[in-house]
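Colleague: Right, I'll just put the structure down here and ask away after.
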Amino acid sequence: MTIYIDPPAWPAHGTLFSHLISDVSLDELHAAAERAGISPRAFDRDHYDVPAHRHDALVAHGAVPVPGSQLVRLLARSGLRVRSIERPEKVRGRLALAWERLLPAAPDLGEELLDRWAEPHRHYHSPTHLAAVLAAVARLQRAGELDAAPDGDAAARTVRLAVWFHDAVYEGAGAAGEDEEASAVLAEERLAPLLDAAEVAEVARLVRLTASHDPEDGDVAGAVLVDADLEVLGRVPTAYARYAEQVRRDVDHVSDDAFRRGRAAVLHRLLDRPRLYRTASGRELWEESARRNLREELQRLEG
């Protein structure tokens, strides 16, 4: 048994609440909650909030009661925990500061982009993803992957602007590449009054590149951007599973059969590539674990 519950100790709405978690997978957690009749609305990113009067019934259903401190440790070890710093209310403040450092003359544009990233239909393509890609760019830059760019500082800003715009338009309902194209057009429109034409064109080019994740050899900025965008593929299995679940929720208008076929085709294309990552650092950091995650997800989809 891998479903755990802590004592009701968290006050809200005139009662106390427990937390229900899995230390294996969110799929298992959702299945257990569904069997117990817990509303999906009670899910909060890595756990379900359940009122005190449901505690004993959930234990009877098989949830293992543990102290709150132990539950937190179990969740952290599983890799499923969403840290407070990763939660939207925290992420937005950090991103606002990052935008202020990046383009201080355009605070209104930063707010517009943050509002777009926080649209309610987004689950994976959210501010948390934006923050993760920016962090991955910073990691690759520290490893020297932008050193070969003609102007390292300018290239770093251009790549970061492309990160901010690359999913600024996300509907998830059209043909492949439509959202990336719309995001690139948005970058051209919004940045034209702020930057020189060459930099605007480069930002838009990089945004369009995220549709294929296939930069040309020697495209230093493009390699850093697409590797940062694909960093999620190389995370630990539980974190990858959370990513895969969020991707599914982003397109919940698609039937399960259609999603499995489409997702499997994407995974096959990725695995058929001789290399997933274009930078040496990306390959060293993420290639092996990414291929393992992709193969395991493909087996689940096709099984």
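Colleague: Which of the following residues is among the hydroxyl-bearing types (Ser, Thr, Tyr), within 29 Å of Val185 (Cα to Cα) and surrounded by fewer than 16 Cβ atoms within 10 Å (Cβ to Cβ): Ser212, Ser255?
Modeller: Among Ser212, Ser255, only Ser212 is among the hydroxyl-bearing types (Ser, Thr, Tyr), within 29 Å of Val185 (Cα to Cα) and surrounded by fewer than 16 Cβ atoms within 10 Å (Cβ to Cβ).
Colleague: Between Ala143, Ala156, Ala131, which is surrounded by 20 or more Cβ atoms within 10 Å (Cβ to Cβ) and small (Gly, Ala, Ser)?
Modeller: When all the criteria are applied, what remains is Ala131.
Colleague: If a residue has to be exposed (fewer than 14 other Cβ atoms within 10 Å of the Cβ) and more than 27 Å from Asp27 (Cα to Cα) to count, how many in segment 281-303 make the cut?
Modeller: 1
Colleague: Going by the structure shown, is Arg278 out of contact with any strand residue (DSSP E or B) (no Cβ under 8 Å at 6 or more places or on another chain) and in a helix (DSSP H, G or I)? Explain how you work it out, then say what you get.
Modeller: Values: out of contact with any strand residue (DSSP E or B) (no Cβ under 8 Å at 6 or more places or on another chain): yes; in a helix (DSSP H, G or I): no.
No, not satisfied.
Colleague: May I pose another question? Looking only at segment 103-128, count every residue that is under 18 Å from Leu186 (Cβ atoms) and either crowded, with 20+ Cβ neighbours inside 10 Å or within 18 Å of the chain's Cα centre (by Cα) (or both) and tell me the total.
Modeller: 12
Colleague: I would also like to ask the following. Quick one: is Ala138 in contact (Cβ under 8 Å) with a residue 24 or more places away in the chain, more than 30 Å from Asp23 (Cα to Cα) and not in a loop (DSSP other than H, G, I, E, B)? Give the derivation first.
Modeller: On the way: in contact (Cβ under 8 Å) with a residue 24 or more places away in the chain: no; more than 30 Å from Asp23 (Cα to Cα): yes; not in a loop (DSSP other than H, G, I, E, B): yes.
Considered against the rule, which asks whether it is in contact (Cβ under 8 Å) with a residue 24 or more places away in the chain, more than 30 Å from Asp23 (Cα to Cα) and not in a loop (DSSP other than H, G, I, E, B), Ala138 comes out as no.
Colleague: Applying the selection to segment 157-181, what residues are under 17 Å from His121 (Cβ atoms) and among the hydrophobic types (A, V, I, L, M, F, W, C)?
Modeller: The answer is Ala168, Val169, Ala173.
Colleague: Of everything in segment 209-244 that's over 19 Å from the mean Cα position of the chain (by Cα) and charged (D, E, K, R), which residue is farthest from Glu181 (Cα to Cα)?
Modeller: Going through the qualifying residues, I end up with Asp217.
Colleague: For segment 1-102, list the strands (runs of 3 or more DSSP E) that sit wholly inside it and hold at least 2 residues that are buried (at least 16 other Cβ atoms within 10 Å of the Cβ) and without any contact (Cβ under 8 Å) to a residue 40 or more places away in the chain; which are they?
Modeller: So the answer is 48-51.
No value in this document is a laboratory result; all are computed from the given coordinates. As the structure is a prediction and not an experimental result, all values here were calculated from the model. Cβ sites come from the backbone with ideal geometry, for glycine too, and all protein chains shown count toward neighbours.
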